[in-house]
Amino acid sequence: MAALSIRHLRYFDALARQGHFGRAAEHCAISQPALSLQIKDLEDSLGVTLVERSAKQIRLTALGEEFALRGRDILRAIDELADLARASRGPLAGRLRIGVIPTVAPYLLPRFIKALVGRYPDVELSPREALTRLLIEDLVGGRLDAAIVALPASEPSLAETPLFEEEFVLVRSRDEAARPVPSTTMLREMRLLLLEEGHCFREQALEVCDLSPLAPRALMEGSSLSTLVQMVGAGIGVTLIPEMAVAVEIRSAAVSVARLEAPRPSRTIGMVWRKTNPLAAQLAEIAAMVREAGLAAMHDAARALETRPGTGSEAPRPDAAPL
């Protein structure tokens, strides 16, 4: 049997994840014929069939599934050896792959990136915005170094570092600014706009309002927080957004914003990474920078809540100053 190479493992891992030769080839930055040749070479060297091929799709054999799982463990260990060498060289440098959930990324990344570049000029940041489930999969699989998500991540192989708390804020039409702020119980009777399925913030909002059993037709969905806020401005309904998003999202919408009644619903934003990652000490330093950027963003949100005309905002948070 010919020697099994790391390149073979990476190409096969890409094919197993993508389920398509064309997409896997694009992911690996090689041509599709070249990838097909590498996979065939891998199978020939092992003397087995790992992939069932048809005109429209590919499917891993039972052996192929097991081979993919074990291959990922090997690739992750190889990547961690490289990280071990990086950690021993002193200040953080090289490529840093960080994932961020969509309800945090637009409001946190600009501040964080600016601070990171200033402190670690030799770091090449590679951010990825995706849903929590996908970020955790990539983190466990070694394709990300860390991720910024709502805690808990509930993955035993990951270390979790809480960074800050942020409240859920009510967004209503500007015409409703003078009305009393509804309770979470009253929100059940209103037309509530939510993010599409898959977003953790959607599930958190449903939990806040105890709406899980509600028929789907009673809810309206949007693909982003910006879409939801603009829909509210058009008079379609009300929505909840995370506190950090306020300063950005209310600038160009005819909406009012208010804090909910106590006990105010909130979520914990944190950073997670593999417990086995040799860069854990450096990632802890990065987490502190993320925390600073998040608190600054929420300080801006608090100011927007207090100063925007017609927001109908309630009294400032007891701990606001700055958030």
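The values are calculated or read from the model by the stated rules, or taken from the named source; none is laboratory data. Fair warning: this is a prediction, and the values are worked out from it, not measured in the lab. Virtual Cβ from ideal backbone geometry, glycine too; neighbours counted across all protein chains shown.
Overview of values
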read-out: Set Ile74, Ile58: member being crowded, with 17+ Cβ neighbours inside 10 Å, at pLDDT below 90 and not assigned by TED's automatic domain parsing to the domain that holds Pro278; value: Ile58
read-out: Restricting the range 138-193 to residues that are of a type in the set (Ser, Thr, Tyr) and closer than 30 Å to Thr276 by Cα, the residue that is surrounded by the most Cβ atoms within 10 Å (Cβ to Cβ); value: Thr161
read-out: Ala296 in a helix (DSSP H, G or I), at pLDDT 85 or above and loosely packed, with under 14 Cβ neighbours inside 10 Å; value: no
read-out: In the range 118-139, the residues that are modelled with pLDDT under 90, in contact with a strand residue (DSSP E or B) (Cβ under 9 Å, 6 or more places away or on another chain) and either acidic (Asp, Glu) or farther than 19 Å from Ala284 by Cβ (or both); value: Asp122, Glu124, Asp138
read-out: Test: residue in the range 82-99 that is crowded, with 19+ Cβ neighbours inside 10 Å and closer than 30 Å to Val169 by Cβ; value: yes
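The rows are residues; the columns are (1) buried (at least 21 other Cβ atoms within 10 Å of the Cβ); (2) modelled with pLDDT under 80; (3) touching a Cys at 6+ places or on another chain (Cβ under 7 Å); (4) outside the structural domain of Glu155 (by TED's automatic domain parsing).
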site: Leu219; (1), (2), (3), (4): no, yes, no, yes
site: Ala247; (1), (2), (3), (4): no, no, no, yes
site: Thr276; (1), (2), (3), (4): no, no, no, no
site: Ala281; (1), (2), (3), (4): no, no, no, no
